[in-house]
Amino acid sequence: MRYKEELYIGSGLYESSGIDNHEENLVTCRKEHQCSRCQGMILPGNKAVRETGFLDDRPVSNYICIPCIENWLIFTGAGE
């Protein structure tokens, strides 16, 4: 990871309005997940940001790979 942990959480990559109880956590994956941004696979042992919440009273969650977040931080200038 190129940046401080707090930059990955709340990076603003996705708009979370409309999602109740929205939470983001930096996690180490225990199983394979698909990145919701690039659609690539996040392998076990790799870090990712996991977003959870409720949309229309249904639980939702997704994972975003670290490279996607780092590219976003570079694009927005937040990582500089």
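Between Ala78 and Thr52, what FRET efficiency follows from the Cβ-Cβ distance if R0 is 25 Å, with the result rounded to 0.05?
Result of the calculation: an efficiency of 0.65.
Give the residues of the stretch 33-56 whose amide nitrogen is closer than 18 Å to a point set 7 Å from the Cα of Glu5 in the direction of its Cβ.
45-52
Whole angstrom only: what separates the Cα centroid of the stretch 64-80 from the Cα centroid of the stretch 4-57?
13 Å
Tell me what the chain gives for mean residue ellipticity at 222 nm when only DSSP H runs of n ≥ 4 count, each as -39,500 (n - 2.57), the sum divided by the residue total, rounded to 500 deg cm²/dmol. Working shown, then result.
Working: 2 runs with 15 residues, N = 80.
So the helix-based figure for the chain works out to -5000 deg cm²/dmol.
Throughout, read-outs are computed from the coordinates displayed, never taken from laboratory work. Given the structure is predicted, the values throughout are model-derived calculations rather than measurements. Positions of Cβ are backbone-derived with ideal geometry, glycine not excepted, and every protein chain shown enters the neighbour counts.
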